[in-house]
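Participant: This structure is in structure tokens; I'll ask about it shortly.
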């Protein structure tokens, strides 16, 4: 039920659908658009906002161990900017992010998301070849729909969680949110 609601919210958002179509056409391996792209939309809807909260970036993630370099990510960002100059793309190959994060190598995009700081950020969406929206979420959607911000207990980083909570102003933007520590 929650997945269907989330798919409907995404499908009714022209900007998000535009971004998903562009990303799909790149044919990156094991890709999705995650983090605020999905999380903020859900929190906006749950707070009954009529105007969506602007996206500071669009986190396109993928998993390609054969091309795990910042340079390749920058090439993809340049291609995306040439396609649509209005969308603020941020591209990260999850096959290389374990080194930055001090983790063991990740096995897939979803595996990498299992190490993200908050459960509600570790949610992504992609379009399949037939245009159907798929939801990628290693922790499910319950806490997102419960309007929570939950630190990832599997990979608990309390200082990083506190820093992100403060920097991103989530509790100010979405005042019904509750921190679930």
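Participant: Per Stokes-Einstein, at 37 °C and 0.692 mPa s, what whole-number D in µm² s⁻¹ belongs to the range 2-179, with the Kirkwood radius over Cα pairs as the hydrodynamic radius? Walk me through the numbers before you get to the answer.
Facilitator: Details: Rh = 16.6 Å.
The diffusion coefficient I find is 198 µm²/s.
Participant: Does the range 38-102 come out rounded, prolate or oblate, given a ≥ b ≥ c as the square roots of the eigenvalues of its C-alpha gyration tensor, rounded meaning a/c under 1.5 and, failing that, prolate meaning a/b above b/c?
Facilitator: Working: a/c = 3.65, a/b = 1.68, b/c = 2.18.
The shape class here is oblate.
Participant: Quick check: pseudo-label points 7 Å beyond the Cα along Cα→Cβ at residue 70 and residue 27, how many nm apart are they?
Facilitator: Label at residue 70, label at residue 27, 2.9 nm between them.
Participant: Follow-up. With r defined as the distance between the Cβ atoms of residue 153 and residue 11 and R0 fixed at 41 Å, what FRET efficiency is calculated, to the nearest 0.05?
Facilitator: FRET efficiency, residue 153 to residue 11: 0.80.
Participant: Can you compute the helix-only [θ] at 222 nm over the chain? Use -39500 (n - 2.57) per DSSP H run of at least 4 residues, normalise by all residues, nearest 500 deg cm²/dmol.
Facilitator: Values: 9 runs with 77 residues, N = 181.
That comes out to -12000 deg cm²/dmol.
Participant: Let me ask something else about it. What share of the DSSP beta bridges in the chain is antiparallel, in percent to the nearest 5?
Facilitator: Values: 10 of 17 bridges.
Given both bridge residues lie in the chain, the antiparallel proportion sits at roughly 60 percent.
Participant: For an R0 of 35 angstrom, estimate the FRET efficiency from the Cβ-Cβ distance between residue 107 and residue 50 and round to the nearest 0.05. Working shown, then result.
Facilitator: Details: r = 41 Å, r/R0 = 1.17.
With R0 = 35 Å, the Cβ-Cβ based efficiency is 0.30.
Participant: Something else: Full-extension gain between residue 168 and residue 85, please, as 0.36 nm times their residue separation minus the C-alpha to C-alpha distance.
Facilitator: Details: separation 83, 0.36 × 83 = 29.88 nm, distance 2.42 nm.
Stretched fully, the residue 168-residue 85 segment lengthens by 27.5 nm.
All of the numbers you see were taken from the coordinates with simple rules; none came from a lab. This structure is a prediction, so every number in the text was calculated from the model and none was measured. A quick note on method: Cβ atoms are made from the backbone with ideal geometry, for glycine too, and the neighbour counts reach across all protein chains shown.
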